[in-house]
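The values are calculated or read from the model by the stated rules, or taken from the named source; none is laboratory data. Since the structure is predicted, the reported quantities are computational estimates derived from the model, not experimental observations. Glycine gets a Cβ as well: all are built from the backbone with ideal geometry, and neighbour counts include every protein chain shown. Please note that ligands, DNA and RNA were not included when accessible areas were found on the heavy atoms of the full protein model with its side chains. Shrake-Rupley method; radii C 1.70, N 1.55, O 1.52, S 1.80 Å.
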Amino acid sequence: MRTVWMIPYLYSREKIPAMNTLRALTILIVLAAAAVPAMASDYVQAPHPTGFRGLAWGTPLADAPELVPVQEPGFENTYFKRDEPKTFGKAEITSVAYYFNKDKLYRVGLAYKGRVNQFFLKDMLMQRYGAGRGIGFRYGWMWPDFSIELDFDNDTDTGSLYYTFEGVLK
């Protein structure tokens, strides 16, 4: 025996399509309004760094004579300072690399060893920029034109910290 379900109509058939359209539009507006703050909250509210150790993002390579090119294959447009301090905040670091795009500074990378140094770097960044986003040992902070990425590899006991300017270099 087949059961037939009867759905009572509270409105005339002519009003149902208009109600469905209105309901769909209302739901769409509510979802869009909820998404805007969520997207805006993905960005850090504090201002991002304007440079690194005296070099502003976009500094021409010619204005940084203290930088020396890395002489290993695969490191084109990558430079370092011979007298680079081996600390950053409370962390001990092993190296700092300065990356150039079209002869303008756009990225700086720091290498470090040990979880203690990862902790010091993460703590410093969280105090300056807030909690950021983390997945495992990888943390990040984002702005519309800038990002900071902190990473750690448990197997090698090493990590990296990258500051990357992603805007238009002037």
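Largest accessible area first, the listed residues Asp103, Asp83, Asp153 line up as Asp83, Asp103, Asp153 when surface is computed with a 1.4 Å probe on the assembled protein chains. Here the contact order of the range 126-170, divided by its residue count and restricted to Cα pairs under 8 Å and six or more residues apart, works out to 27 percent.
Taking a straight Cα-Cα cut-off under 18 Å and skipping sequence neighbours fewer than 8 places away in the same chain, the lysines within cross-link reach of Lys122 are Lys86, Lys90, Lys113. For Val70, the residues whose modelled amide H falls within less than 5 Å of its own, excluding neighbours fewer than 5 places apart on the same chain, are Thr78, Tyr79, Phe80.
The figure for Tyr106 is an accessible area of roughly 60 square angstrom, using a 1.4 Å probe on the protein chains alone.
Think of a 1.4 Å ball rolled over the protein heavy atoms: the range 50-100 then has 61 Å² of accessible area per residue. To put it simply, the accessible area of the range 79-170 at a 1.4 Å probe is 51 percent carbon and sulfur. Here the gap between Gln71 and Phe119, fully extended at 0.36 nm per residue and compared with their Cα-Cα distance, gives a gain of 14.2 nm. FRET efficiency for the Asp83 to Asp145 pair, using the beta carbon distance and R₀ = 25 Å, is estimated at 0.25.
For Ser95, the accessible area of its heavy atoms, probed at 1.4 Å with every protein chain present, is near 50 square angstrom.
By a 1.4 Å probe calculation restricted to protein chains, Lys104 has an accessible surface near 50 Å², given to the nearest 10.
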